[in-house]
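Data block below; observations after.
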Amino acid sequence: MFLLEHEGKEILRRYGVRTPRGIVVTRDDLDRLDSLVEEYPVIVKAQFLFGGRGKAGAVKKADNTEELREVAEKLFQLEVRGARPERLLIEEFVPHEEEYYISIMASKSDKSLLLLASRYGGVDVEELARMGRHILRISLSPDEVPMDNVYRAVAKTFFGSVERDLVSKVAGLVKPLFEAVLGEDLLLVEINPLVFLGDGFMALDAKVIVDDNAGFRRDVTSFYEYNRSMTEGERIARETGFAYVPLKGDIAVIGNGAGLVMATLDLVKYYGGEPACFLDVGGGASADRIAKALEVVYKEVSPKKIFINIFAGITRCDEVAKGIVEAVDRVGIPPEMFVIRLVGTLEDVGREILESRGFRVYKDMDEAAKEVVKA
């Protein structure tokens, strides 16, 4: 889950990373900006869930109230990648000469944390990375706090020196970032630009990604992406325990297991159909979960057909069948919308439940896919 800049900075501050003083405003605050901001100059930043704002013109400086109001109004109207900001972050202007880059991210391939640091921060750091230049890469174990050699390497990268005071300042940055990643289940924390003010570092910007799978350990419902970027169906999916992605076609695709659902999407496309969603009810899906999944699909993507493809192991075919019947009765989904392929655990029981209600049940996945596209 991507966080807005101000949300990421709130996390960093809790772990001792310094950030500029600032406030978050919405369109409703435009008429009272003069009472909210008293010191100038300020930097005004549109809050998006993606990077590249500087090059897109979403970061502006204002030297007085009149400029601030003009800049804020323009930024609220600015469209970047098809989105307009709902919030602006107004921060104190921090004079600086040098900009640095640092990030820590989860590396799933080797079950470690990857620290990246560069002497050169700012909007062109991605180009440096593509060229393979000026980027320090260090693999960190999540089981132990970084050692002094890590702090010295970063200090050498930033300043070309391993002077004790500089190494200490670097430790005061890297250690809190490391602790934030572990303590908050972060997949990424990136500071660009990072500035050095003599007495320590300050994060002028922050990109933070929270692991979506950590929702059972912490409350993620207050984050902007959870409340604004996800559809109602996606929120229900998180709460109920199934994976759901709305698409643009007219054939809803539901299965148990991400691999099976992906293969089903491919098969539908192969025969000329257009999937309306990806929905994985997961292993051991109960009748209630099946019913809620069908309710989400029927109400949110309005498909012409619903293709259910179940290869049951842990999942029981009778539970799937009961969920389908419950959804039909509760939501009023017409039975003729369904094309169902059902094989595996208690297949005969599930088939009997469905056929007694007039559903046609297939054993062959290919045959079912042809039928749903044809229908």
How many residues are surrounded by 20 or more Cβ atoms within 10 Å (Cβ to Cβ) and over 16 Å from residue 52 (Cβ atoms) when one looks only at the range 100-112? 3
Can you run down the residue pairs with Cβ atoms below 7 Å, 6 or more apart or on separate chains, where the first is in the range 159-185 and outside the structural domain of residue 105 (by TED's automatic domain parsing) and without any contact (Cβ under 8 Å) to a residue 12 or more places away in the chain and the partner is surrounded by fewer than 19 Cβ atoms within 10 Å (Cβ to Cβ) and charged (D, E, K, R)? none
Of the residues in the range 242-287, those that are among the acidic types (Asp, Glu) and either closer than 14 Å to residue 311 by Cα or without any contact (Cβ under 8 Å) to a residue 24 or more places away in the chain (or both) come to 266, 280
Would you tally the residues in the range 39-86 being within 17 Å of residue 122 (Cβ to Cβ), of a type in the set (Gly, Ala, Ser) and in contact with a helix residue (DSSP H, G or I) (Cβ under 8 Å, 6 or more places away or on another chain)? 1
Go through the range 158-204 and report how many residues are surrounded by 21 or more Cβ atoms within 10 Å (Cβ to Cβ) and of a type in the set (S, T, N, Q). 1
Residue 356 versus (1) more than 16 Å from residue 288 (Cα to Cα); (2) among the hydroxyl-bearing types (Ser, Thr, Tyr); (3) touching a residue at least 24 places away in the same chain (Cβ under 8 Å): which is the lone unmet condition? (3)
Pick out, from the range 15-89, the strands (runs of 3 or more DSSP E) lying fully within it that include 2 or more residues that are closer than 21 Å to residue 224 by Cα. 22-25, 42-46
The number of residues in the range 353-375 that are loosely packed, with under 14 Cβ neighbours inside 10 Å and in a helix (DSSP H, G or I) is 5
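Would you be able to say whether some residue in the range 265-274 is in contact with a helix residue (DSSP H, G or I) (Cβ under 7 Å, 6 or more places away or on another chain) and under 18 Å from residue 323 (Cβ atoms)? Break it down stepwise before answering.
Filtering the range 265-274 for residues in contact with a helix residue (DSSP H, G or I) (Cβ under 7 Å, 6 or more places away or on another chain) gives 267-268, 271-273.
Remaining after also requiring under 18 Å from residue 323 (Cβ atoms): none.
Looking through the range 265-274, none of the residues is in contact with a helix residue (DSSP H, G or I) (Cβ under 7 Å, 6 or more places away or on another chain) and under 18 Å from residue 323 (Cβ atoms).
Does residue 267 count as at pLDDT 95 or above and either more than 16 Å from residue 338 (Cα to Cα) or crowded, with 23+ Cβ neighbours inside 10 Å (or both)? Walk me through it before giving the result.
Working: at pLDDT 95 or above: yes; either more than 16 Å from residue 338 (Cα to Cα) or crowded, with 23+ Cβ neighbours inside 10 Å (or both): yes.
The answer is yes for residue 267.
The values are calculated or read from the model by the stated rules, or taken from the named source; none is laboratory data. All figures in this text were calculated on a predicted structure; none of them were measured in a lab. Backbone-built Cβ (ideal geometry, glycine too); neighbour counts: all protein chains shown.
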